[in-house]
Amino acid sequence: MKRVLIAEDEQTIREFIVINLQRSGYETWEAGSGQEALDIYAQQNGQFDVAVLDIMMPGEKDGLAVCRELRQQNPALGIVMLTARTQE
């Protein structure tokens with residue numbers, strides 16, 4: 001079973017993503033902040049296939065910072081970025 005780490009600070013959006021991934025057969029872990037996502041990643045020894053990251057999470061570790069750290073630890077990890085931004 002594919003393992004997905006979801007980092008999204010808005011609970012309703014996070015729940016929507018989790019429900020739909022679980023319905024599709026994925027095993028999910030939820031984080032409400034960037035730091036929490038990094039902590040979960042470390043606790044699970046990096047055993048994830050994909051990370052879904054909100055770009056604009058509050059705090060020191062937004063989605064881009066988390067992406068950089070995850071890339072350093074595992075260049076092969078699939079990463080999907082979520083954003084409400086209108087520019088690239």
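The values are calculated or read from the model by the stated rules, or taken from the named source; none is laboratory data. Bear in mind the structure is a predicted one, so any value in this text is a computation, not a measurement. No Cβ is skipped: glycine too gets one built from the backbone with ideal geometry, and neighbour counts run over all protein chains shown. To get the accessible areas, we keep the full protein, side chains included, count just its heavy atoms, and leave off ligands, DNA and RNA. Shrake-Rupley method; radii C 1.70, N 1.55, O 1.52, S 1.80 Å.
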*Of all residues making up region 41-63, the number that are of a type in the set (A, V, I, L, M, F, W, C), over 17 Å from M1 (Cβ atoms) and in contact with a Leu (Cβ under 8 Å, 6 or more places away or on another chain)*: 2
_Given (1) surrounded by 11 or more Cβ atoms within 10 Å (Cβ to Cβ); (2) touching a residue at least 12 places away in the same chain (Cβ under 8 Å), identify the lone condition not met by A84._
(1)
*Quick one: how many residues across region 4-13 are under 16 Å from Y41 (Cβ atoms) and not β-branched (V, I, T)?*
3
*asked:* Regarding region 37-55, can at least one residue be identified that is closer than 12 Å to L82 by Cβ and open to solvent by 30 Å² or more (accessible area, probe 1.4 Å)?
replied: no
*Restricting the search to region 1-36, which residues are open to solvent by 30 Å² or more (accessible area, probe 1.4 Å) and closer than 18 Å to P75 by Cα?*
K2, R3
